[in-house]
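Colleague: Starting off with a structure, shown below.
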Amino acid sequence: MALINLETTLQRVCTTLAKLTPTQGLEILSYKRNRGITILKLDEKTFLVRERGYEKGEFRVSESDLPKLLKSLMKREFPRSRKLRIYRLAGPDEMERPRKKL
């Protein structure tokens with residue numbers, strides 16, 4: 001996907017995740033692709049969220065808790081970013097795939 005504004009990222013990610021089937025996901029990256037948040041849909045109501053950047057962490061959250069967690073992670077990982085990159089993941093094997101860094 002293309003670069004999108006930070007203000008619209010949370011809403012866009014939540015609507016896109018609702019349309020995905022289990023084991024698909026999204027990856028939100030900074031402009032330079034050196035920090036990111038990966039979200040994998042485990043089943044209809046559970047998500048695996050992996051943070052890598054300033055801090056590293058892994059969370060299992062329900063669909064209702066996801067927006068609140070994403071908002072806090074985005075504040076921590078992208079403090080000065082205005083544009084973010086979003087990639088769609090076909091499965092869990094793509095979570096570890098390295099991205100080209102600028």
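The values are calculated or read from the model by the stated rules, or taken from the named source; none is laboratory data. Here the structure is a predicted model, which is why all the values come from computation and not from measurement. Backbone-built Cβ (ideal geometry, glycine too); neighbour counts: all protein chains shown.
Colleague: Test residue 9 against the criterion of being surrounded by 11 or more Cβ atoms within 10 Å (Cβ to Cβ), touching a residue at least 24 places away in the same chain (Cβ under 8 Å), out of contact with any Gly (no Cβ under 7 Å at 6 or more places or on another chain) and among the hydroxyl-bearing types (Ser, Thr, Tyr), and give yes or no.
Modeller: yes
Colleague: Where residues in the range 19-34 are in contact (Cβ under 8 Å) with a residue 40 or more places away in the chain and loosely packed, with under 14 Cβ neighbours inside 10 Å, which of them is farthest from residue 73 (Cα to Cα)?
Modeller: Among them, the one singled out is 32.
Colleague: Another question, then. Would you mind finding the one in 10, 3 that is of a type in the set (A, V, I, L, M, F, W, C) and out of contact with any strand residue (DSSP E or B) (no Cβ under 9 Å at 6 or more places or on another chain)?
Modeller: 10
Colleague: Restricting to the range 1-34, give me the number of residues that are in a loop (DSSP other than H, G, I, E, B) and among the polar types (S, T, N, Q).
Modeller: 5
Colleague: Yes or no: residue 81 part of a loop (DSSP other than H, G, I, E, B), surrounded by 15 or more Cβ atoms within 10 Å (Cβ to Cβ) and polar (S, T, N, Q)?
Modeller: When the stated conditions are applied, residue 81 passes them.
Colleague: Which pairs have Cβ atoms under 6 Å, sit 6 or more apart or on different chains, and link a residue in the range 64-85 that is over 11 Å from residue 36 (Cα atoms) to one that is at pLDDT below 95 and not in a helix (DSSP H, G or I)?
Modeller: 81/30; 83/3; 83/31
Colleague: Residues to consider are 60, 52; find the one that is exposed (fewer than 14 other Cβ atoms within 10 Å of the Cβ) and within 23 Å of residue 93 (Cα to Cα).
Modeller: Just one listed residue meets the conditions, 60.
Colleague: Is it the case that the range 35-47 has a residue that's in contact (Cβ under 8 Å) with a residue 24 or more places away in the chain, in a helix (DSSP H, G or I) and within 17 Å of residue 10 (Cβ to Cβ)?
Modeller: no
Colleague: Still on this structure, please answer the following. Name the residues in the range 20-34 that are over 19 Å from residue 9 (Cβ atoms) and β-branched (Val, Ile, Thr), would you?
Modeller: Correct list: 21, 23.
Colleague: Let me ask something else. How about the range 69-93: which of its residues are polar (S, T, N, Q) and in contact with a helix residue (DSSP H, G or I) (Cβ under 7 Å, 6 or more places away or on another chain)?
Modeller: Of everything in the range 69-93, just one residue is polar (S, T, N, Q) and in contact with a helix residue (DSSP H, G or I) (Cβ under 7 Å, 6 or more places away or on another chain), namely 81.
Colleague: What are the residues in the range 24-41 that are of a type in the set (Gly, Ala, Ser) and more than 21 Å from residue 80 (Cβ to Cβ), if any?
Modeller: 25
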